[in-house]
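The block underneath contains the structure these notes are about, expressed in structure tokens.
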């Protein structure tokens, strides 16, 4: 027990040794606010929502077709031989499993929706990370947390929130990019 207490004491003392007399400087961002105010992310989200809508329609159409096949089979069942009944039931099960596979492919944990979302959000996250690192170096922050992530933040003073600063820098970068695009379109 004494060894554990000593280990805990050492773990808490190490940061203060490395940081000297200066206390740790901490800041946080709220990625949700940043993403919601980012034009590029909003546009990408709209495109993703359109794809998701298309995928849902595709699945619904297959479900409707399955229902039609099942209804038709119920009507014809009395006229079919046992072998044909078994074959039709197998076809229906295969079609139903095809629908489940399609749903898994589109909306499963490794599905198209997750892949698309990651592809859309990655450039924005990289941009935010780069800006956060620049701000942290400029202002000498030791830690910058994301308030919207799984880290539980029970309390934080607003003066440690650098989300607005990150947003302003993103907007500056967007305006610079727009100007460059206008200039290049004028030259062409």
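Every number in this text was worked out from the coordinates using simple rules, so none of it is lab data. Remember, predicted model here, so these are calculated numbers, not experimental data. Positions of Cβ are backbone-derived with ideal geometry, glycine not excepted, and every protein chain shown enters the neighbour counts.
If I take the Cα coordinates of the range 69-183 and project them onto the principal axes, what are the three extents in Å, biggest first?
Extents along the principal axes, in whole Å: 80, 47, 18.
Mark the label point 7 Å from the Cα of residue 172 along Cα→Cβ and return the residues of the range 105-126 whose backbone N is within less than 15 Å of it.
none
If I take R0 = 22 Å and measure r between the Cβ atoms of residue 161 and residue 125 in this structure, what FRET efficiency does the formula 1/(1 + (r/R0)^6) give, to the nearest 0.05?
Details: r = 18 Å, r/R0 = 0.84.
Given R0 = 22 Å and the Cβ-Cβ separation, E is 0.75.
For labels at residue 70 and residue 136 in the simple 7 Å Cα→Cβ model, what's the distance in nm?
Taking the simple label geometry, residue 70 and residue 136 are separated by 5.3 nm.
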